[in-house]
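Read the figures in this text as sums done on the coordinates, not as results from a lab. Since this is a predicted model, take the numbers as computed values, not measurements. Cβ sites come from the backbone with ideal geometry, for glycine too, and all protein chains shown count toward neighbours.
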Amino acid sequence: RYKTGGLRPCYNLFQCRGSVLWRALTVATPCAIFSAVLKMLIGLGALQAGGIFGFMNWSEDQMLLLNNAPWTGFTSSVAFLVVFRTGQAYTRFTQAAADCYAMRAQWLDVANALFAFTQHSKEAKADIDMFKRRLVRLIGLLHACALHELSMASATAQELQNVKSDLPDIHVPDVAGSFNLEDVKLLSSTRQRVTLVQHWVQVLIVQAMKSGVLSIPPPICSRAIQQIGNGKTAFHSALKTATIPFPFPYCQTCNLLLIMHYLCTPIILQSWVSSATLSFGLSMMTVMSLWCLDYIATDLEAPFLPGPNRLDLKELQQQFLSELAVLIKPSADTPPSEVEAGGKETAKLLEFLGNLREE
């Protein structure tokens, strides 16, 4: 999160969480210092023939530094490659976020529809309530397993420990009960947890149709099965982003060109300016801008790993469980009734809407 409007963008400059400025600053500072020191030494004649380091023979007539065309072309090429990588990383990030929200919407709508399908069931209320609790727990577990598999698929061997300590919660508020030990063992023994839990949900739906808990014609109830499959499709689309990284040769080439640019910048820029201060400032600005873009691309390319600039999987799971918890409340099964305009209920509704506008 960051602030916008007024002078708030100025405050964002000093925000450390999620910032790449400070990382790029640590990279650019040595380069800028070296550029300033080099300019001072040349100004003092220490690097000229006969100077303290005269064996290096840094005289300007023997250095093709005043012609800025080669350097400008090289810098433009590096900037184009880095900007393109950043754009592709942002595309990966937004696609991953869209897939996660599509998956969440489909599976949440499954629970929403199935809860509505129990309205006219003739079965005992205890059986209907048990079906709702089991469905909520399984849908919450399905979403948690999907997010966990996405994070595990993105992690390298060094990052697995951080991912394992960042598992999404599966406890739905206000829903009693849990899974039995045999189910937990079966879930722990396989890596295809999403497929297994999806199968459990579908079996639960079929059993509820057979027992009469779902009092709805089968063709209409099949919509819920289809939406489970649609959510699985969105999950696999997100899994594609998690498992297929940005092409390594492109990353390697960008890194090589950035290092070459980093090493050449202090030598080239000091020959274009008249003071060490300008040499320091231009070197800092040039190197820092390119490395900021590279760090942004690095963060966005892996959207499912822990980090401030990536998707907060714990928050996504908590939001999903909170929405399920709303459905499980008994009062949610009764639509609002009509009241006369101008009564106390209308005043409370207007007050509620006013509070929403303030939020």
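Tally Lys and Arg at +1 and Asp and Glu at -1 over the other residues with C-beta under 15 Å from the C-beta of ALA234: what net charge comes out?
Net charge in that neighbourhood comes out at 0.
Assign one of three labels to the range 177-259, namely rounded, prolate or oblate, based on the Cα gyration tensor with a ≥ b ≥ c the square roots of its eigenvalues; rounded applies when a/c is under 1.5, prolate when it is not and a/b is larger than b/c, and oblate otherwise. Oblate.
3J(HN,Hα) along the range 243-251, derived from phi through the Karplus expression 6.51 cos²θ - 1.76 cosθ + 1.60 where θ = phi - 60°, amounts to 8, 9, x, 4, x, 4, x, 5, 4 Hz, with x in place of Gly and Pro. Between the range 101-115 and the range 236-260, the C-alpha centres lie 33 angstrom from each other.
Charge tally for ARG85 (other residues, Cβ to Cβ under 15 Å; Lys, Arg +1; Asp, Glu -1): -2.
Could you tell me whether the range 238-330 comes out rounded, prolate or oblate from its Cα gyration tensor? Rule is a ≥ b ≥ c as square roots of the eigenvalues, rounded for a/c under 1.5, then prolate if a/b exceeds b/c, otherwise oblate.
Because a/c hits 1.5 or more and a/b fails to exceed b/c, the range 238-330 counts as oblate.
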